[in-house]
1. Once the piece of chain linking residue 199 and residue 61 is laid out straight, how much longer is it, given 0.36 nm per residue of separation minus the C-alpha distance between them?
2. How many percent of the alpha carbon pairs in region 156-284 exceed a separation of 18 Å?
3. Counting alpha carbon pairs within less than 8 Å and at least 6 residues apart, what relative contact order, in whole percent, applies to the chain?
4. What relative contact order, as a whole-number percentage, does region 155-232 give when Cα pairs under 8 Å and 6 or more residues apart are counted?
5. How big is the shadow of the Cα convex hull of region 101-216, averaged over all directions, in nm²?
6. Remind me, relative contact order of region 116-180 in percent, using alpha carbon pairs under 8 angstrom and six or more residues apart?
7. Sorting 268, 1, 122 on the 10 Å Cβ count, fewest up front, what's the list?
8. Could you work out which residue, out of 174, 133, 203, moves most in a Gaussian network model of the chain, that is, has the largest mean-square fluctuation with Cα springs under 10 Å?
Ligand code: NDP
């Protein structure tokens, strides 16, 4: 078994991003909007700022008050969309209850969509034309690339069909000619999750339920990517029962330390990609 750690891959991709930033000759700018106070969001902001600055990306932080109305946030986003100095925009989660995240994220220009979640960018994945990708799905693809596995015709099982991970990831895998099965709550409730797990040559789990996947179900030699983050008694664990799964897998991601370190780097890659597209006038 080989441990598939995110950090060394992140370091390599960081080097590639730094080179691209140098080629751009203009410092890309990521605008980050936080609405209200939230310790969780503040931790993310701190880590995003650190990553951005280490790559030569300027991080501009905008904080709006807890009682911000939807229209006020829309106006702030529109202002950043129109500001030519801004290349990427990220809206920090969670948002206060009076604000609908899905509705707001649609107001971010698809050309400045740092998280790759705008419907236009999502739609481009269907056509294999996406340049800006949802960060976690892109992180999983980078981890798979690192294993050297040829996905062509492989039995790949994705557990979880969320818009940020499972759905876009299944399309990215299809693009590589994997045979993709997407499992979700319906699969579990029909009592059919186990049969899919057992046949998976590549298994990606993004659910958010500690030890949902029993290690003894993993196919011998499978590649296992555990996206889940669960806090159990102050410890962070994934969705896969690691110790048992590690006995069978050829590669397995640790939690923490697998997908996580790459996700924020994918965000930065999107900002640089967006900047490159904007400067080359591919996007008006
Ligand atoms: P969501 O809650 O949006 O999606 C979870 C998915 O799992 C849904 O499709 C849900 O189906 C499905 N599901 C729920 N219970 C079961 C079950 N018993 N069997 C099979 N499928 C089930 O979560 P996210 O996609 O946002 O995140 C998933 C996990 O990944 C979380 O732990 C999150 O913290 C982590 N994460 C980690 C990141 C990283 O950088 N490492 C980044 C993003 C997420 P349905 O909706 O139909 O109920």
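1. On the way: separation 138, 0.36 × 138 = 49.68 nm, distance 4.60 nm.
My answer for the length gained is 45.1 nm.
2. The answer is 57 percent, as a whole percent.
3. On the way: 545 pairs, mean separation 63.5, N = 284.
Reported relative contact order: 22 percent.
4. Working: 118 pairs, mean separation 26.2, N = 78.
About 34 percent, as a whole number.
5. Details: hull surface 32.1 nm².
Quarter of the Cα hull surface area: 8.0 nm².
6. Numbers: 70 pairs, mean separation 23.4, N = 65.
Worked out over region 116-180, it gives 36 percent.
7. Working: 268 28, 1 13, 122 20.
Taking fewest neighbouring Cβ atoms as first place, the list is 1, 122, 268.
8. For the chain, modelled as a Gaussian network with Cα springs under 10 Å, the answer is 174.
Read the figures in this text as sums done on the coordinates, not as results from a lab. Values in this document were obtained by computation on a predicted structure and should not be read as measured data. Every residue, glycine as well, gets a Cβ built from its backbone with ideal geometry; the counts of neighbours run over all protein chains shown.
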